[in-house]
Protein chains: 2
Amino acid sequence: MRCRRCRDEAVIEIRRNNTAYCKGCFLEVFRNQVVRAIDTWEMVGPRDRILVAVSGGKDSLALWDVLLAQGLQADGLYLGLGIGDYSDRSHQVTAAFAAERGATLVTVDLAATYGFDIPTAGRKGSRSTCAVCGLSKRYVFNAAAADGGYDVVATGHNLDDEAATLLGNTLRWNTDYIARQSPVLPAADGMVKKVKPLHRLSELETAAYAFLRGIDYVVEECPLVEGNTQLRYKEAMNAIEARSPGTKSQFFFGFLDRAMPLFTPEDRAEIVACQACGRSTTGMFCAFCRARAQILGERLAPPEDRQVREELADEVLPVELFEHAGGPAT
Amino acid sequence: MRCRRCRDEAVIEIRRNNTAYCKGCFLEVFRNQVVRAIDTWEMVGPRDRILVAVSGGKDSLALWDVLLAQGLQADGLYLGLGIGDYSDRSHQVTAAFAAERGATLVTVDLAATYGFDIPTAGRKGSRSTCAVCGLSKRYVFNAAAADGGYDVVATGHNLDDEAATLLGNTLRWNTDYIARQSPVLPAADGMVKKVKPLHRLSELETAAYAFLRGIDYVVEECPLVEGNTQLRYKEAMNAIEARSPGTKSQFFFGFLDRAMPLFTPEDRAEIVACQACGRSTTGMFCAFCRARAQILGERLAPPEDRQVREELADEVLPVELFEHAGGPAT
């Protein structure tokens, strides 16, 4: 197989495009796709300070690598989830990546800052482990970016991630989530802008990029992910893709072109400050603070306040609210 | 396992509803679902003459059985596709079904009436075998119903069929097809009304109904169906359904409830009479007549007519048009 651009020996074949590239051309094409995503969706301005959420996996490190190579102001954010060896190794890998490049890595430890880790949250909370992990990431990424004065949070979601999420949202026709599945979520009401510059690139391509760039990354999946529904949607998409290459990109790009404009996000209730943490929410307390209180067995407000008790009843079991009534308020 | 309704021993378990039924209750529940579909979507009026497209498979015979049991005026239509033993057996089975019930079976033989069978069409035409078969069925069902004075054509499409078709249309975001994926297509411009009264029932349920009613049906798949994309979508849906029972019905009913109204069918060009067969079309000749001419190596109009030549150029290879220029016009 020969490189489509320079006719040198190819090192990677991309079936959905029926094409192949040598190392040099692939790295350039990969970066061009990221630049194209950034430009098309006006993801970052030339003076923007970017905070890249880095897990230690191939996608987020490949993203950080490209953003730095483009000369953008991109710091990394590592969130320690407390998932044993997996988290330790992820932290080492991201710290080494930053040190090699003289880049800044911001580290937040969930347990040290918020009092719980993800394995505990999965056991004690009412949400699944993956759900509480996702909620925590969204909260901490936004909080760290807002507090650090960053203009935009960039995540390493690739085409496979986006196609699987879209499949899940579409199988449920969750029209509100579908409407919001854009590669860019603009800043609004105390929420920092979020962007996904890798959404044009498949998992295979991000893995190849990381490998060819010699990036040391954590290859293992999170050990808590087993049975995750997102994985099932990926498997279903992969089964179809294997027999009809191009289905995944057709699905996601066709959505962006033709379908996303048909879906309208639900009107949000008025945005107010969470009475516990002060960040944006639509209720009295934000979802993260409610989940955290449940996990820690704490209460968010004096039990005398009947309105609060009723509002919390959906999220926190009454027994938890009242058992700790004598304890210290958060 | 006990029947959910009468507590007798159950003979069928329906996982997506987490329920089970004895024979008598299942047959009643099945028929109720068909009646509910007919009522909700105003599929047939009490005096309507229905033409049921029967292939000899479980779905269409189960449908015909239920419609007759409801006392509706339902004749069968068997279209002979000329697929060897498979078609012969299908014809025998539908004829025997009709004879047992004293019902009327209308038979159309594709080769005798239109000059080609499906295996020939698959070899000679530019469409895939399944595509030309689908086109032929739609054309003949409509023509037979219109000529026979029927008010509505009913087909045996079940929930699995509809979910797989919706998945295929959604993976391509074919917004026009998505907009038209209703259980009812109203009569319009010479097109007879089309209804799918089994869309609430899964393939497992139609098979169980046919089995429990002692209906002799053709179990084998069409021998030409291998590699059909619809089958891949069914496999993908089944893989997800196996781990998340209810996904299929959630997907299709969620679509009907919340998403179908968001999609608008494209405006059709003006409907005119096909210059070959006289039936409704938007061009000079309808898709069926163009496909047929291509398969038979015939031409649809004198080659002197430049406008026609240009219009046909997309569908019929010029060589075919001109090679037969001296032959008889269709």
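At a glance:
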{"item": "Residues satisfying the stated conditions in the range A:198-221, i.e. within 25 Å of A:SER87 (Cβ to Cβ) and either assigned to a strand (DSSP E or B) or under 13 Å from the mean Cα position of the chain (by Cα) (or both)", "result": "A:LEU198"}
{"item": "Qualifying residues in the range B:222-273 (those that are hydroxyl-bearing (Ser, Thr, Tyr) and part of a loop (DSSP other than H, G, I, E, B)) - the one farthest from B:PRO119 (Cα to Cα)", "result": "B:SER244"}
{"item": "Qualifying residue in the range B:87-106 (condition: more than 21 Å from B:LEU198 (Cα to Cα), outside any loop (DSSP other than H, G, I, E, B) and of a type in the set (Asp, Glu))", "result": "yes"}
{"item": "Qualifying residue in the range B:252-263 (condition: under 25 Å from A:ALA164 (Cβ atoms) and away from chain A (no Cβ under 11 Å))", "result": "no"}
{"item": "The range A:239-251, subset surrounded by fewer than 17 Cβ atoms within 10 Å (Cβ to Cβ) and touching a residue at least 40 places away in the same chain (Cβ under 8 Å), residue farthest from the other protein chains (Cβ to nearest Cβ)", "result": "A:PRO245"}
{"item": "Among residues of the range A:170-191, those that are touching a Leu at 6+ places or on another chain (Cβ under 8 Å) and either among the acidic types (Asp, Glu) or away from chain B (no Cβ under 12 Å) (or both), counted", "result": "4"}
{"item": "Members of the range A:30-52 found to be among the charged types (D, E, K, R) and either surrounded by 14 or more Cβ atoms within 10 Å (Cβ to Cβ) or modelled with pLDDT under 95 (or both), listed by number", "result": "A:ARG31, A:ARG47, A:ASP48, A:ARG49"}
{"item": "Members of the range A:129-176 found to be touching a helix residue (DSSP H, G or I) at 6+ places or on another chain (Cβ under 8 Å) and aliphatic (A, V, I, L, M), listed by number", "result": "A:VAL132, A:LEU135, A:VAL140, A:VAL152, A:VAL153, A:ALA154, A:LEU159, A:ALA163, A:ALA164, A:LEU166, A:LEU167, A:LEU171"}
{"item": "Sole residue being on the phi > 0 side of the Ramachandran plot, surrounded by fewer than 19 Cβ atoms within 10 Å (Cβ to Cβ) and without any contact (Cβ under 8 Å) to a residue 60 or more places away in the chain, chosen from B:GLY102, B:GLY134, B:GLY115", "result": "B:GLY102"}
{"item": "Out of B:PRO197, B:PRO186, B:PRO223, sole residue that is of a type outside the set (Gly, Ala, Ser), under 27 Å from B:ASP48 (Cα atoms) and surrounded by fewer than 15 Cβ atoms within 10 Å (Cβ to Cβ)", "result": "B:PRO186"}
{"item": "Which numbered condition B:ALA273 fails, given (1) more than 14 Å from chain A (Cβ to nearest Cβ); (2) touching a helix residue (DSSP H, G or I) at 6+ places or on another chain (Cβ under 9 Å); (3) more than 27 Å from A:ASN238 (Cβ to Cβ)", "result": "(2)"}
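The values are calculated or read from the model by the stated rules, or taken from the named source; none is laboratory data. Values in this document were obtained by computation on a predicted structure and should not be read as measured data. Every residue, glycine among them, receives a Cβ derived from its backbone with ideal geometry; neighbour counts consider all protein chains shown.
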